[in-house]
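Presented below is the structure to which this report refers.
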Amino acid sequence: MMNTSARLYFLFVTPFIVAGCVMFLQTEEALLLEDLAAGNEVSRIKDRTPTPTVRTIEYKNLKRQYQADLYQPGEKSLAGIVLIPGVAQHGRDDPRLVTFANTLARFRFVVLVPEIPNLRDLKIRAEDSQTIKDAFKYLASQNDFSSQAQIGIGAFSYAVGPAILAALDPTIRDKVDFILSVGGYYNIEKTITYFTTGQFRYQNEWHFLEPNAYGKWVFVLSNLERLSDPIDKENFRRIAQRKMNNPNAIIDDLTINLSPEASSILMLLQNQDPELTSNLILGLPAAIRIDLSALDLSSKDLNQLKAHLILLHGTDDNIIPYTESIALANAIAENQAELFLIDGLAHVNLHPQKLDKWIMLRAIEALLKMRESKGSDSIDFSDEIIN
């Protein structure tokens, strides 16, 4: 039962949240949410904190060379996070990601956003977990915060898969303190079922939500290089571009002469029966099936995962269903994950007028708690990292 002060706080705060207004709240959570919604515009936290510094850096891990953007607070740093963009052509320059990174830096996170070319090229690859691991090692090797500070990984959409694969790696898994997942997935087959048919299972029943065609055609572009016939590659590239510009575009002129392996992809994309997805995936070219298997978190031993998971997912997400975050939370140890299902969080975009701000504020609170000291020694990666 709530004590008297907690009841008064709840009664006072709730009307403002329900009304869709956080401007009168003085909590850090409310200030962070306000700043996210403000973007480049004024906000209270911008008036109260120094502007973060942002610089592009280069570093090496063994023989691998990288570029990244480093966001540093104007005050003493309390925690660190490697932030991974979703599958988008703007990559680390995506305005939404830049806003989020700047906001986190104002709340005293050091933020590292590595360049991941595959994500800019709309490709999803398990091997990008290596880039994420190296970025984490670089951030952990810096002197921006104390050895007691927590360091984590944040990822959006399909990038959640490679991020979790990185955190499972024995070289860093004991040192990844938290993972922030926004609109992520767990089971590849169920995710494909959703973006092709709009169907997802919840409480043993099928449910339908009109899927965003973007997810479907990102899948095509991600797998073009796995096709052996150059003509197939060009035709599917044109199909994807045409459909991404206009979901109702006619593509008959591009599909008439597809090879059998290319036709297997088209059959999957055009399928509307969720019960057929599994067999259609089995009919895909072997190279694509290998890639999908590597990315499938449901086939991995997540008992090895040490990080605390903060999972945010929009209930109206039309690219990856919210049930995927539920499944991911259920796949790890009890109390290892905090799950926040949020109305008005459409995949990775905030819709302020529809946003369930009460749950969003709780999710932000969970993230801000990661600034607390963990009380253990940090690992030294300096022998591997070269600035």
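Being without any contact (Cβ under 8 Å) to a residue 60 or more places away in the chain and either within 27 Å of Q130 (Cα to Cα) or not polar (S, T, N, Q) (or both) holds for only one residue in Y71, Y59, and it is Y71. Scanning the stretch 286-307 for residues that are outside any helix (DSSP H, G or I) and at pLDDT below 95 turns up nothing. Based on what the data block shows, is I250 in a loop (DSSP other than H, G, I, E, B), more than 19 Å from A329 (Cα to Cα) and hydrophobic (A, V, I, L, M, F, W, C)? In short, yes.
Among the residues of the stretch 304-315 satisfying the criterion of being out of contact with any Ser or Thr (no Cβ under 6 Å at 6 or more places or on another chain) and closer than 22 Å to I151 by Cβ, which is surrounded by the fewest Cβ atoms within 10 Å (Cβ to Cβ)? Restricting to residues being out of contact with any Ser or Thr (no Cβ under 6 Å at 6 or more places or on another chain) and closer than 22 Å to I151 by Cβ, the top hit is Q304. With the structure loaded, tell me whether P162 is closer than 24 Å to I342 by Cα and under 17 Å from the mean Cα position of the chain (by Cα) or whether it fails that test. Yes. Does K76 count as in contact (Cβ under 8 Å) with a residue 12 or more places away in the chain, over 23 Å from V160 (Cα atoms) and of a type in the set (D, E, K, R)? Judged against the criteria, K76 is a match. When G39, G80, G86 are screened for being modelled with pLDDT of 95 or more and either touching a helix residue (DSSP H, G or I) at 6+ places or on another chain (Cβ under 6 Å) or at positive phi (or both), only G80 passes. None of S157, S146, S181, S141 is crowded, with 21+ Cβ neighbours inside 10 Å and modelled with pLDDT under 95 except S157. When each of K175, K243, K233 is tested for being under 30 Å from E372 (Cα atoms) and among the basic types (K, R), the lone residue that passes is K175.
Just one of the listed residues (R237, R242) is in a helix (DSSP H, G or I), touching a helix residue (DSSP H, G or I) at 6+ places or on another chain (Cβ under 7 Å) and more than 30 Å from I364 (Cβ to Cβ), namely R237. Of all the listed residues (I326, I310, I281), the sole one being more than 17 Å from the chain's Cα centre (by Cα) and either part of a helix (DSSP H, G or I) or at pLDDT 95 or above (or both) is I281. Every condition in (1) closer than 12 Å to T103 by Cα; (2) part of a helix (DSSP H, G or I); (3) at pLDDT 90 or above; (4) not aromatic (F, W, Y) holds for D47 except the one numbered (1).
Within the option set I239, I188, I192, being under 23 Å from K133 (Cβ atoms) and either buried (at least 19 other Cβ atoms within 10 Å of the Cβ) or hydroxyl-bearing (S, T, Y) (or both) holds for one residue only, I188.
When the residues of the stretch 195-228 are filtered to those that are among the polar types (S, T, N, Q) and under 17 Å from A262 (Cβ atoms), the one that is surrounded by the fewest Cβ atoms within 10 Å (Cβ to Cβ) is S228.
Restricted to the stretch 329-346, and to residues there that are touching a helix residue (DSSP H, G or I) at 6+ places or on another chain (Cβ under 6 Å) and at pLDDT 95 or above, the residue that is farthest from L302 (Cα to Cα) is F340.
Remark: I132 matches the filter, which requires a residue to be over 17 Å from A337 (Cα atoms), within 13 Å of the chain's Cα centre (by Cα), at pLDDT 95 or above and not assigned by TED's automatic domain parsing to the domain that holds R226. Listed conditions (1) among the polar types (S, T, N, Q); (2) modelled with pLDDT of 95 or more; (3) surrounded by fewer than 12 Cβ atoms within 10 Å (Cβ to Cβ); (4) in contact with a helix residue (DSSP H, G or I) (Cβ under 7 Å, 6 or more places away or on another chain) are all met by T103, apart from (3). Using the structure shown, decide if I256 is at negative phi, touching a helix residue (DSSP H, G or I) at 6+ places or on another chain (Cβ under 8 Å) and among the aliphatic types (A, V, I, L, M). Criteria not met by I256.
For the stretch 347-387, the tally of residues that are at pLDDT 65 or above, part of a loop (DSSP other than H, G, I, E, B) and surrounded by fewer than 16 Cβ atoms within 10 Å (Cβ to Cβ) stands at 3.
The values are calculated or read from the model by the stated rules, or taken from the named source; none is laboratory data. Given the structure is predicted, the values throughout are model-derived calculations rather than measurements. Glycine gets a Cβ as well: all are built from the backbone with ideal geometry, and neighbour counts include every protein chain shown.
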